[in-house]
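**Q** To start, I am sharing the structure in question, which I have written as structure tokens.
The values are calculated or read from the model by the stated rules, or taken from the named source; none is laboratory data. Being a predicted model, the structure only gives us computed values, none of them experimental. Every residue, glycine among them, receives a Cβ derived from its backbone with ideal geometry; neighbour counts consider all protein chains shown.
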Amino acid sequence: MVASILFGLFTVMAVACALGTVFHRQPVHCALFLVGVLLSMSGMFILLNAPFIAAIQILVYAGAIMVLFLFVLMMLNVQGERPFLTPGPTKGFGILFGFVALAELLWIVLAPGAEDWRPGPAPALPAGFGSPAAIGRILYTTWLYPFEITSILLLVAVIGAVVLARRKFE
Amino acid sequence: VDVAFLIEAAAKVAVVLGFVLISVVYVVWMERKVLGHMQDRIGPQRVGPFGLLQTIADGLKLFMKEDMIPSQVDKAVYFIAPAIPIVTALIAMSVIPFGNSLYLFGRTIPLHIADVNIAILFILGTTSMGVYGIVLGGWASNSKYPLLGGLRSAAQMISYELAQGIALVSVVMWSGTLSLNEMVKQQGHTWFVLNVPLFIAFWIYVICAIAETNRAPFDLPEAETELVAGFHTEYSSMKWAFYFLGEYANMMVVSGVAICVFLGGWHGPVLPSVLWFLVKLALFLFCFIWLRATFPRLRYDQLMAFGWKFLLPLSLLNLALTGVWLVLRGA
């Protein structure tokens, strides 16, 4: 009961903030709405018995990455006065992909025979599900290679960013 | 629904909330008194005995003051920003255990509002949200000095959060838990700070905590010699007071975490556990004030260099040392 009410609350918040992110004209406000989306997502993770993921979501995305986003937006001081829909190839592609994703989601929910894919009642959770220990174990056993490859990718990205930033100064 | 449980939870929330909000008044008084004596002055002494009511008088003054709102501010953000630091600090306060369990009315009452098994991450998460108050306040004021203060604050908090987090990771490795309650329980005999790797982690944590709370010598976001008053230049009356309140509440949170994680929490001989916690908290806050009276403010490049080139590598080395230490001790 309480869980359903909270789920409804987080859903409405997430959707409302997501719409705000897309439609608001002031870039800093858009970033703040995105923080709202991340916070409501984190609430949903808690409802899904994944407190560790929820905390990391706030700590990494809302607490660090979005602060850097804001930092850049504030430095650039982008004026939010431009008209909302300017035609252009990127916008066109964005809208196209948006509709493709929407169609996909609707297909999953509405297509004939879709009952098989829809999630049924939640299975009983194994002991310690969602705890840091359980997630750590899975990351370093089952998903070790994807995990390490992701780390290397991120490292490459960091070094690349430093190299690119340096070249400009010289 | 268990009614008794609800009453118990509500009572604890009220006590912690009331304690934080009231004690801020006396921390401010203590700060002015201690700073005064350290600078060979006597500090406030006119309102009440020893000036004890000075902060209350100041609070009343702030309530009565006209609420100035500059004309070009971003209204919504300008209004919300001062509330963020204090709200996040109070949320973080909810997982800090401030005493041993109490036996009252036939119930065992644990003295913390919520026992979260990932308390460390919870606190890091909520305090990392606190930076928004300063960054957004600086931006929404639509003025150059506050913007510079906000930018400095964003850069500073991100830089020092890293070393702080890594310092706490070595404690997590040592204790094998992320729960503050569990950590305090493990320190019944020996405080964590008395182990070599955690001793280093303690100092890294404390330095980062001072930077995170924007206290001297890391108070660059509000450096008055360069930025007028930094991020809160355009704020007045109660909005300004909320920033102030947030800063002190955040000082209590970081001190509370340091006490629970390194200094044995509420453990201590003879005195009741809650009193031990309060004594340690008061000592910690005193040190904050002491530092402010002692050190000149760092230059911005010194601050960044210290954070990235010294503290971060040191905390990583210390993390490795903790690992080696634990393996050797286990063998």
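**Q** For segment A:12-44, give me the residue count where each residue is in contact (Cβ under 8 Å) with a residue 40 or more places away in the chain, within 12 Å of chain B (Cβ to nearest Cβ) and assigned to a helix (DSSP H, G or I).
**A** The total comes to 4.
**Q** Let me ask another. Of the numbered conditions (1) over 25 Å from B:F231 (Cα atoms); (2) modelled with pLDDT of 85 or more; (3) more than 14 Å from chain A (Cβ to nearest Cβ); (4) crowded, with 17+ Cβ neighbours inside 10 Å, B:N100 satisfies every one except a single condition; which is it?
**A** Among (1) over 25 Å from B:F231 (Cα atoms); (2) modelled with pLDDT of 85 or more; (3) more than 14 Å from chain A (Cβ to nearest Cβ); (4) crowded, with 17+ Cβ neighbours inside 10 Å, the lone unmet condition for B:N100 is (2).
**Q** Scan segment B:105-131 for residues that are in contact with a helix residue (DSSP H, G or I) (Cβ under 6 Å, 6 or more places away or on another chain), hydroxyl-bearing (S, T, Y) and more than 7 Å from chain A (Cβ to nearest Cβ) and jot them down.
**A** Scanning segment B:105-131 gives B:T126, B:T127.
**Q** Follow-up. Looking for whichever is under 19 Å from B:M93 (Cβ atoms), hydrophobic (A, V, I, L, M, F, W, C) and surrounded by fewer than 18 Cβ atoms within 10 Å (Cβ to Cβ) here; the options are B:A258, B:A229, B:A282. Which one fits?
**A** On the way: B:A258 fails: surrounded by fewer than 18 Cβ atoms within 10 Å (Cβ to Cβ); B:A229 fails: under 19 Å from B:M93 (Cβ atoms).
On inspection, the qualifying residue turns out to be B:A282.
**Q** Quick check, is B:I166 at pLDDT below 85 and of a type in the set (V, I, T)? Let's see the steps before the verdict.
**A** Values: at pLDDT below 85: no; of a type in the set (V, I, T): yes.
So B:I166 does not fit the description; no.
**Q** So which residues in segment A:45-58 are in contact (Cβ under 8 Å) with a residue 24 or more places away in the chain and either in contact with a helix residue (DSSP H, G or I) (Cβ under 7 Å, 6 or more places away or on another chain) or within 11 Å of another protein chain (Cβ to nearest Cβ) (or both)?
**A** Result: A:L47, A:A50, A:P51, A:F52, A:I53.
**Q** Quick check, is B:I134 under 23 Å from B:I200 (Cα atoms), within 22 Å of the chain's Cα centre (by Cα) and either facing chain A (nearest Cβ under 9 Å) or assigned to a helix (DSSP H, G or I) (or both)? It would help to see each step written out before you state the result.
**A** On the way: under 23 Å from B:I200 (Cα atoms): no; within 22 Å of the chain's Cα centre (by Cα): yes; either facing chain A (nearest Cβ under 9 Å) or assigned to a helix (DSSP H, G or I) (or both): yes.
When the stated conditions are applied, B:I134 does not pass them.
Matching residues to (1) within 14 Å of chain B (Cβ to nearest Cβ); (2) touching a Gly at 6+ places or on another chain (Cβ under 7 Å); (3) modelled with pLDDT under 85:
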site: A:A64; (1), (2), (3): yes, no, yes
site: A:K91; (1), (2), (3): no, no, yes
site: A:A101; (1), (2), (3): no, no, no
site: A:W117; (1), (2), (3): no, no, yes
site: A:A133; (1), (2), (3): yes, no, yes
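Conditions tested, residue by residue: (1) of a type in the set (D, E, K, R); (2) under 30 Å from B:V270 (Cβ atoms); (3) free of Cβ contacts under 8 Å to residues at least 40 places away in the same chain.
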site: B:K185; (1), (2), (3): yes, yes, yes
site: B:L194; (1), (2), (3): no, yes, yes
site: B:L198; (1), (2), (3): no, yes, no
site: B:W203; (1), (2), (3): no, yes, yes
site: B:V206; (1), (2), (3): no, yes, no
site: B:I210; (1), (2), (3): no, no, no
site: B:F218; (1), (2), (3): no, no, no
site: B:Y235; (1), (2), (3): no, no, no
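**Q** A further question follows. How about segment B:153-179: which of its residues are closer than 27 Å to B:E226 by Cα, at the interface with another protein chain (Cβ under 10 Å from one of its Cβ atoms) and crowded, with 19+ Cβ neighbours inside 10 Å?
**A** B:S153, B:A154, B:A155, B:M157, B:E161
**Q** Name the helices (runs of 4 or more DSSP H) wholly inside segment B:30-126 in which the number of residues that are among the aliphatic types (A, V, I, L, M) and within 27 Å of B:A282 (Cβ to Cβ) is 2 or more.
**A** Answer list for segment B:30-126: B:54-64, B:83-93.
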